[in-house]
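Please read the structure below before turning to the comments.
Laboratory data are not the source of any read-out in this text; all were calculated from the coordinates shown. This structure is a prediction, so every number in the text was calculated from the model and none was measured. Every residue, glycine among them, receives a Cβ derived from its backbone with ideal geometry; neighbour counts consider all protein chains shown.
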Ligand code: FES
């Protein structure tokens, strides 16, 4: 159904702070005037909050203050009033124990920053992995008109003539060092080549995936995801988004109009086509929970099942985001999905029109980067959801990053009780393990790590690497970096720290992975599994104070998005009481 814009002019929520001559209004307006705003700025024009996740310690978003200036220009040009507001910024490469533990905190803080202040619409200025979903979750819960502007990926990295992808080559080079194939000096020299410019990871890692998810969901302007951070067109995109949000406020075009079930299905299929990160699973489930949509792991498996991976980018393929942009970027992928009848063409975007109108006439400029369907990296690119007695609520695997020969395999479990146990034993050549074994890592889920760290793609033991083996089956309740690869079963639910069956796997047990039949089976009798579960006690204590306590007490399982239970749903943005 076509979107029907609201009547304009009408009274906006910001006028509850700024309209009239009461003591309270003068109090609010007077303070703002100390920044040099003329009186006529408070005439009822839309006030747009630019929620900025800039931080010197989130280097991927280090350039967002410059970008915010272009957003402001666009807002002013369209007759709006821009206000830049800091948002909690959790860097994937810096925050401990893991940025994921703070995604929900950032979402909660941003939600209240929006609701408690005079904003009529929001520009979400994001980039690094968790900054994008956290602000989108906040915007969904407030449901004020919102548009996503990402910071864009870094330029390609090169080391001695070879393309170097963020993250992907860090894993490759560190395995090569462990296998004795790369010197420590060369490893150090490669460091600088990985990050040549401002911007986010240049692979189809989680940051690029989430930028693509925002675009596929219709929450950013068409073409936003792939423009490199330093390309002048990134600044144009910021300015155009600033112009657009003002009209969105006038039209009252809200996240709940855009983030529909159809939009989520488009995003899931897009994730399969781009070979996107498994992290998108938890983030999209959490976002859907904020708009009150019933999106499940089964939707992931159902929608992605027959979608070929056509974007030839690391970690699944060979190119990087810069080449994806030159080839035409995400609009080409959306057009291809539409041509294959795998896109809900009517899904509304922040443009105010259907997504198909944005992409139907675009061209693919490089068929080695965005591949024809018959040359796809895999014909079934969607995230696979496996279930069984080892994962009753499901676990996920990314086929485009896995080894086909391992997709059906039965092997002996080598169990690590937690990440410290793994680190203490993995490099020991006395460890009883070979390439036919299945590595199992416990207690790395949302409650257990805590925060569900990206440790699921645990490195292989050196004695296996030295044989030239580069992949083994790994199973955990952890996540995996979007830049990583391998036959890695992730997000096993319920997690070990919540007493899921993963908690009672023992070294020597046989495990069967059968991707075609979506099966993950611990080969022990049911009675023995029940006995082990009855005898299980948690390994780690729950914190008794601080945010950690809140997180461990309220975080839900990965199978439903790992949001805090009390943050789910849309609470809107009523203006609330004045305190003066
Ligand atoms: Fe921030 Fe990759 S670590 S974008």
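Evaluate the distance, in nm, between pseudo-label points positioned 7 Å from the Cα of residue 545 and of residue 256 along their respective Cα→Cβ axes. Computed distance between label sites residue 545 and residue 256 equals 4.0 nm. Here the residues 142, 201, ranked from fewest to most Cβ neighbours within 10 Å of their Cβ, fall in the order 142, 201. Taking a ≥ b ≥ c as the square roots of the Cα gyration tensor eigenvalues, with a/c under 1.5 meaning rounded and otherwise prolate when a/b beats b/c, else oblate, which class fits segment 39-88? Prolate is the answer for segment 39-88, as a/c is 1.5 or above and a/b outweighs b/c. Note on the chain: helix-only mean residue ellipticity at 222 nm, from DSSP H runs of 4+ residues weighted -39500 (n - 2.57) and normalised by residue number, equals -10000 deg cm²/dmol.
Across the chain, C-alpha contacts under 8 Å between residues 6 or more apart give a mean separation that, scaled by the residue count, equals a relative contact order of 15 percent.
A convex hull fitted to the Cα coordinates of segment 94-215 yields 113 cubic angstrom per residue. Maximal additional length on extending the residue 533-residue 345 stretch stands at 62.9 nm, based on 0.36 nm per residue less the C-alpha distance.
Shown for segment 34-147 is the translational diffusion coefficient from the Stokes-Einstein equation, using the Kirkwood radius over Cα pairs, a temperature of 10 °C and a viscosity of 1.306 mPa s: 110 µm²/s. Annotation for residue 434 and residue 158: the two label points, set 7 Å from Cα along the Cα-Cβ direction, are 4.4 nm apart.
Name the shape class, rounded, prolate or oblate, that the alpha-carbon gyration tensor gives for segment 291-359, where a ≥ b ≥ c are the square roots of its eigenvalues, rounded holds for a/c under 1.5, and otherwise prolate holds if a/b is larger than b/c and oblate otherwise. Oblate.
Angle of helix 103-115 to the longest C-alpha principal axis of the chain, folded into 0 to 90 degrees and rounded to 10: 10°. Between 0 and 90 degrees, the angle of helix 279-291 with respect to the longest Cα principal axis of the chain falls at about 40 degrees. The listed peptides 464-472, 246-254, ordered by packing as a protection proxy, come out as 246-254, 464-472 (highest mean of other Cβ atoms within 10 Å first).
The stretch between residue 356 and residue 85, if pulled fully straight at 0.36 nm per residue, gains 94.2 nm over its current Cα-Cα span.
Annotation: for a label point projected 7 angstrom from Cα along Cα→Cβ of residue 553, residues of segment 436-476 with backbone N closer than 18 Å are 447-448, 450-451. State whether segment 421-580 is rounded, prolate or oblate according to the following rule on the C-alpha gyration tensor (a ≥ b ≥ c being the square roots of its eigenvalues): a/c under 1.5 gives rounded; otherwise a/b larger than b/c gives prolate, and the remaining case gives oblate. Prolate is the answer for segment 421-580, as a/c is 1.5 or above and a/b outweighs b/c. Summarised as an ellipsoid, segment 416-502 has semi-axes of 22, 14, 11 Å, derived from the eigenvalues of the Cα gyration tensor scaled by 5 and square-rooted, with the largest first. As a rough footprinting exposure proxy, the listed residues 514, 418 were ranked by other beta carbons within 10 Å of their own, and the order from fewest upward is 514, 418.
Here the spin labels are modelled as points 7 Å beyond Cα on the Cα-Cβ line, and at residue 43 and residue 519 they lie 7.2 nm apart. Expressed as a fraction of 2.2 N^0.38 Å, the value expected for a compact globular protein of N residues, the C-alpha radius of gyration of the chain is 0.97.
Take the Cα of residue 184, go 7 Å toward its beta carbon, and none of the backbone nitrogen atoms of segment 454-474 fall under 16 Å from that spot. When both bridge partners sit in the chain, DSSP labels roughly 45% of those beta bridges antiparallel. Residue order for 283, 540, fewest other beta carbons within 10 angstrom first, comes to 540, 283. Packing-based ranking of 341-349, 291-299 yields 341-349, 291-299, ordered from highest to lowest mean Cβ neighbour count within 10 Å. Angle between the Cα long axis of helix 64-77 and the longest principal axis of the chain, 0 to 90 degrees, nearest 10? That helix lies at roughly 30 degrees to the long axis.
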